[in-house]
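*Asks:* Can you keep this structure in mind? I'll have questions shortly.
The values are calculated or read from the model by the stated rules, or taken from the named source; none is laboratory data. Everything numeric here is computed off the predicted structure, so don't read it as measured data. When we count neighbours, we look across all protein chains shown, and the Cβ atoms used for this are built from the backbone with ideal geometry, even at glycine. With ligands, DNA and RNA removed, areas are computed over all heavy atoms of the protein, side chains included. Shrake-Rupley method; radii C 1.70, N 1.55, O 1.52, S 1.80 Å.
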Amino acid sequence: MSQTRIAVIVGSLRKDSFNRKLALAIAHLAPSDFTFEHLRIDDLPLYNQDDDGNQAPSVKRLKSEIAASQGLLFVTAEYNRSMPGVLKNAIDHASRPYGQSAWAGKPAGVIGVSVGAIGTALAQQHLRNVLAYLDVPTMGQPEAFIQNKEGLFDDKGHIAEGSKKFLQGWVDSYVAWVKRHGS
């Protein structure tokens, strides 16, 4: 059985990030032939088009890791009603120089968690707009706007029973999406 490699991009750098925790928990709901590799984005310089011809080693590493994947999982926080700047910076770096995007054609899922009542709905919408431009086939349904409430995670960091059925359905749809659209 061959492994399907998923590049996980968490849009939060916070040590105790809810979104990192969600990304780790999602991996436990996926089938055993799916491998989740968390990509590092905290060491990327700020994007500057002047650097397109001589990208930093951290940018080259990111692009290589994306290229080696069969799918993408974006797990994003929401800052000021949009995606975090660190996530947009990573997206911009890996999409450049023009015509050499590492993202193009990679099937993606978008999910996120926050303490707000609407979860990360607006950040996800902004992210989907960017991904559409970059030719990333992004799963549209089901959507998952998760509010971090007491009991979302169990004591092992897995999804607790109250949310497990819903998130298992999301993961199952995501797995089918990647299998259908992956190369």
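*Asks:* From the backbone phi of region 126-133, what are the Karplus-calculated ³J(HN,Hα) couplings (6.51 cos²θ - 1.76 cosθ + 1.60, θ = phi - 60°) in whole Hz, Gly and Pro given as x?
*Replies:* Rounded to whole hertz, the list is 5, 4, 4, 4, 5, 5, 4, 4.
*Asks:* Still on this structure: Where does the charge balance sit around ALA68 when Lys and Arg score +1, Asp and Glu -1, over other residues with C-beta under 15 Å from its C-beta?
*Replies:* The answer is +4.
*Asks:* According to the Cα gyration tensor, what semi-axes, each the square root of 5 times an eigenvalue, does the equivalent ellipsoid of the chain have, listed from largest to smallest in whole Å? Before the final figure, lay out each step's value.
*Replies:* On the way: eigenvalues 134, 70, 43 Å².
Semi-axes (√(5λ), whole Å): 26, 19, 15.
*Asks:* If you restrict to DSSP beta bridges whose two residues both lie in region 1-94, what percentage is antiparallel, to the nearest 5?
*Replies:* So the antiparallel bridges in region 1-94 amount to around 10 percent.
*Asks:* Now for a separate question. Within region 95-183, what whole-number % of the accessible surface is contributed by carbon and sulfur, with the 1.4 Å probe and all protein chains included in the calculation?
*Replies:* 52 percent
*Asks:* So what is the accessible area of the chain per residue, in Å², with the probe set to 1.4 Å?
*Replies:* Averaged over the residues of the chain, the accessible area is 50 Å².
*Asks:* Next question, about the same structure. Out of residues 5 or more away from PHE34 or on other chains, whose amide H comes under 5 Å of its own, with H placed 1.01 Å from N in the peptide plane?
*Replies:* When sequence neighbours closer than 5 places are left aside, the close amide H contacts are THR4.
*Asks:* Right, something else. Taking H placed 1.01 Å from N in the peptide plane, check which residues at least 5 places from ASN148 or on another chain put their amide H under 5 Å from its amide H.
*Replies:* Placed amide hydrogens put SER114, VAL115, GLY116 under 5 Å from ASN148.
*Asks:* While we're on this one: Just how far, in whole angstrom, is region 100-114 from region 51-72 if you go by their alpha carbon centroids?
*Replies:* Each part reduced to its Cα centre gives a spacing of 14 Å.
*Asks:* Take peptides 36-47, 146-157, 123-134, 106-117 and line them up by average Cβ neighbours within 10 Å, highest first, as a rough protection proxy.
*Replies:* 106-117, 123-134, 36-47, 146-157
*Asks:* Something else about it: So what's the back-of-envelope 222 nm ellipticity for the chain, counting only DSSP H runs of four-plus at -39500 (n - 2.57) apiece and dividing by all residues, rounded to 500?
*Replies:* Counting only the DSSP helices, I get -11500 deg cm²/dmol.
*Asks:* Out of the total accessible area of region 1-86 (probe 1.4 Å, heavy atoms of protein only), what percent is carbon and sulfur?
*Replies:* Numbers: 2130 of 4370 Å².
Percent of accessible area from carbon and sulfur atoms in region 1-86: 49.
*Asks:* Enumerate lysine pairs in the chain that are 8 or more residues apart or on different chains, then count those whose Cα atoms are under 14 Å apart.
*Replies:* 6
*Asks:* If you fit an axis through the alpha-carbon atoms of helix 161-181 and take the longest principal axis of the Cα set of the chain, what angle between them do you get, 0 to 90°, nearest 10?
*Replies:* In the chain, helix 161-181 runs at an angle near 40 degrees to the longest axis.
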